[in-house]
1. What is the sum of charges around residue 128, taking Lys and Arg as +1, Asp and Glu as -1, for the other residues whose C-beta is under 10 Å from the C-beta of residue 128?
2. With N set to the residue count of the stretch 1-160, report its C-alpha Rg divided by 2.2 N^0.38 Å to two decimal places.
3. Roughly speaking, what is the stretch gain from residue 68 to residue 35, that is 0.36 nm per residue apart minus the C-alpha to C-alpha distance, in nm to one decimal?
4. What does the highest-first list of 609-615, 852-858, 781-787, 624-630 look like by mean Cβ count within 10 Å?
5. Would you mind getting me the FRET efficiency between residue 114 and residue 250? Use the beta-carbon distance for r and R0 = 45 Å, nearest 0.05.
6. With labels modelled as points extended 7 Å from the Cα through the Cβ direction, what inter-label distance (nm, one decimal) is found for residue 352 paired with residue 1035?
7. Would you mind putting 1090-1102, 94-106 in packing order, based on average other-beta-carbon counts within 10 Å, highest first?
8. If r is the Cβ-Cβ distance from residue 673 to residue 97 and R0 is 56 Å, what FRET efficiency results, to the nearest 0.05?
Amino acid sequence: MSGGPASVQMDEVRRRSLSLLSSSGNAQDVKAEVQTMAGIPLPLSEKYRQFGVEAMLRENTAGRNRQEVLESLSRLVKALSILEKYGCNLTSPTRPRYWRSVKHNNPVFRTTVDAIKGGRRVLYLYGYTNQQVDGLSFPDEVTEPDAEKVAAVTLEVMTLRTEVDMLIKGTHPHLEHFQDVIPFITQQEKPVSDSADEQPVDKPEVLSPLPKPAQPLKPSTGSPVASDCNLCGGPSSLVCPSCDNQPLCDACDDLFHRHPSRANHKRDKIHKTKPETCSICGISSVHAQCSTCVQRLCRKCDLLFHSHPDRKGHNRTNITPAKTSSPSLSPWECSHCTTVNEMRAVLCATCERPRLATAASNVQESLMSVPTSPNTEWQCKSCTVVNQGSSILCEVCERPRLATRPPVAPVLSSPGSLSDSGTKWMCQFCTYVNTKPALVCEMCNLSGKDSPTGVSLPLSLQQTPSSTKDQSQPVTRPQPKPRLNTDLRRQKTMREDGLALIHQIREAEKCGISPEEVYAAILCSSSNNTKPCDWVTSELPHLLDEICAMAASVQLNYKAGDCGIQPTVVRDGEEPEQSSVPGEGVKLSRAEAKLAWLAAGGDTDRAVKQLLRDRQHKMKELHSLGFRDSSQSEEALRLSGGEVKGALSLLQRPLLEPFHQRIWTDQPEPPIDPKNPDKQRMCRRLLALYDLPSWGRCELVLSLLQEPDVTYSLEDVVQAAKESHDKDFIRRLLNNECPCCFSIFPRSKMQSLTSCQCSVCHECFAMHFTVAVRDKHIRDMVCPVCREPDINDPEQLDSYFSTLAIQLHECLEPDVYDLFHKKLTEHALMKDPKFLWCCHCTSGFINEINENQLKVTCLSCHKSFCAQCKKPWESQHQVLSCEQFQQWKRDNDPEYQRQGLAGYLRDNGITCPHCRFQYALTKGGCMHFSCSQCRYQFCSGCNNSYHKTACKTPPCSYTGLHAHHPRDCLFYLRDWEPTRLQELLKMKGVEFNTDPSAGTQTDSCRVMEQKDEEGLQVDSPCGIQTKPGQAGLCEKHYREYLVSLINAHSLDPALLYDAHELTRACERYQVDTQRGENEEDDAYHARQLKKLMEVPLGEKVPRNK
């Protein structure tokens, strides 16, 4: 057929096949079209348009002889069959549930598609383009596969599988298209001859399947009848089509087919028809047929029936049973994957399904193979270990529960051990390598497929001359050898060997040795008793040097033709010696040799070949990338330990040096000019430097910077543009006025507290809190704008300071931040009942001394004071209580007596009810006192707290600054005249002073009090002119003196209330003021006074005597 019509036919068949496959997704629908396309004589490049078939065939058919090429093609057929299933699943209207991903840990995928080169490229063409950790998947944006594209690729995969299958079977009609792609495809097999001068035959030979094993010779005694065994002469039950339809009994078949060359033979059972019974007795089988009386009789009935004189002349014919014919031995096609198999094959070569299995039977078989209970023990089909029912993988070989027996690879002996290749063989059941020729394995006592073919048959199977049959000795029929329970012994041996290997691997992992190295070391050190770890440490470096030397020698001999050039073996970490002739030194490293040695499984010769093959591939890859200097490429590969990426980096470094020098120059980067006419360049620089989300944001930044009267910087505009794309919103972000300095700042340079919505600039924020920490109390650390939050609320105070500490850490200096933490710590310690303030200095500490001990010493100033009255410690206080010591001071201390009532008022000064800090100040003046230590605001007369907002007292609704004072508080009594206060004291018999003490200065009041001077609170003398009869004090402090006596003796001032004051006091303290009908004033006032006096006096009022 010419090229033109062939191309037209190919296009027509392809178009018809694509239509069928894309609509149905069933491979059976296009089976005939695929066979037609496989037989069309076209070059591979014209026949296959979706992927490179020639490259795939070259990559997967690398071999030294025709046998290896044939095995590679068989693996390729299996992989193409799996790829075909993936494609059909994608094109099918009912796709599988997990069609979007392909897992690498799938054992079928790993042993088929991943075992060939180019398999993942086909999956990429299907649409599996997203690389995952455990496999490949479709991209997230793809919801449906491209049915036409997948169908086109799948059709070519099916066509290629069919053509490769025809090549393996030797039935391909057009081998000329493959002779330049697949090696040994047309090579004539050379006959074995001792003459070296014999020329090969020019006639090409078609690549044929594996040669069949030699058939056993038929015995010389002639062929027995079908009903008799061909070896022992007994009744036969089986017939072997591969042995020329020889009938065998069960015992002879078990012995005869143990031979490895006959282990794969398929035997068919002889279906014997039920013998016809006698027409008279109906029990015995028919022996003869009488044509006269038309009777079929057995031997006994025939003798009796025809002994009658009338029937002696009847003509009888002996009946011989018909032979059972053997089944058809023609090639058969798998009903699942449509692969045409050999006639003697029992399982499909591609999917390994039985010969007579159908699609329905496969499903039924898979369902029947599942255990009825998940807890039932199951036997592994690979290593025959009995596992627990709950396990999914085998405990020994780790194969899945439902996996079939893996194919046993033949043992490849090294070139130097050709003499042992005929004696060593691997058992297909336990994989034990037997060293002696035998019919059964030494380990598991089972016949193996890989046993040597030269083993002679046992004496029971050897044929004797025909003369022996005439002897009178009875013929002993061979009996099958009783099978011992070898499974347990084999499993025990395999488990012990496996545990020993696991122990060696774990010991090696502690030394940093991989399991692959351990396995290869065991194979190399099997001749001695050296441990694998010791062998890897001591002997492996020398072996790697030997592999490098052998590989270098082979490569040099190939290049130089054995001209005597010495190879260059480079050890890791050493510099290579310079060769006398440039380009003649072969540079190999231990790292490459180690990888090749591990890939070869510890075989030195295979490692040398693998090392040369890997180096050749790496050199070709570097050559394809443009690096044609072989010496530089080899040196780069040596320095990188055989890594192509590392070698590529080393080779590219000199080429990129000018570029690196240009980009890493010390010249500063030119600033971005918003008025530059090259707008695209400015946008590209903005994208590269500031990581803006889009090109439009870059244009927005440039437009804002180009506006007139712009005061903000480029960084501020970029930061604002990242938050929004609205130009008006960005302008609001860039124009924010600081309420402290009234400057304009962007929102990114403003800072606010969590307690309010006020925002100030970073500079004002840091300055405000720096001054507050250094010069003020910790309760002054509030918002500089709204003075929030309320520090008197303990719950709000704790949460506020926890977040404030995080904000201040970024804006305060380290020493200021440490001072803030110190004050915050003192504020927390004040809540401890054992916390004391020193009366000599402003330090506080935790008093860990016994509570009964009055004397304490400050840890800062090391001065002592009383823990209760907070007075400086004196020795007289040791045996006196605080009241007794105070009275002793009044009576015996001249200095105290000289101060007079000013000293009394100082000693009975203000004590903070919150932190218990004592002030030597009077209570006169403003009653609203703020503690300098804890900033607690309270009344100095009754110690009740002041409230700036609504308090928690239920009847109170006042929202301004206020405190709930009792009626005996100085807040109310300071308005009384001294004579009225003296009258209350005289009523209760309390003495008081009216004259000053001797030596006391009486021109002005010397009582210390807190005053506001230029915005600061300072302690200074009162300085007001004194009056006679007021004990050397001003009228204000004399009233305070009298009120202190009233409070000390708990006198109720209600006794001196007039009618108006009594009514106001009852209203203030919620006393019932309802007047009775016709009730007189005196009785009404008396009843009001009685109810008012039931209201207790102030609980927190100081009552020092």
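1. Net local charge, residue 128 excluded: +2.
2. 1.06
3. Values: separation 33, 0.36 × 33 = 11.88 nm, distance 2.63 nm.
Working it through step by step, the gained length comes to 9.3 nm.
4. 609-615, 781-787, 852-858, 624-630
5. Result of the calculation: an efficiency of 0.55.
6. It works out to 11.8 nm between the two label points.
7. Going by the mean number of other Cβ atoms within 10 Å, highest first, we get 1090-1102, 94-106.
8. On the way: r = 59 Å, r/R0 = 1.05.
E(calc), rounded to 0.05, equals 0.45.
The values are calculated or read from the model by the stated rules, or taken from the named source; none is laboratory data. This one's a predicted model, so the numbers in the text were calculated from it and none came from an experiment. With ideal geometry, Cβ positions are generated from the backbone for all residues, glycine too; neighbour counts draw on all protein chains shown. SASA here: full protein model, heavy atoms, side chains in, ligands and nucleic acids out. Shrake-Rupley method; radii C 1.70, N 1.55, O 1.52, S 1.80 Å.
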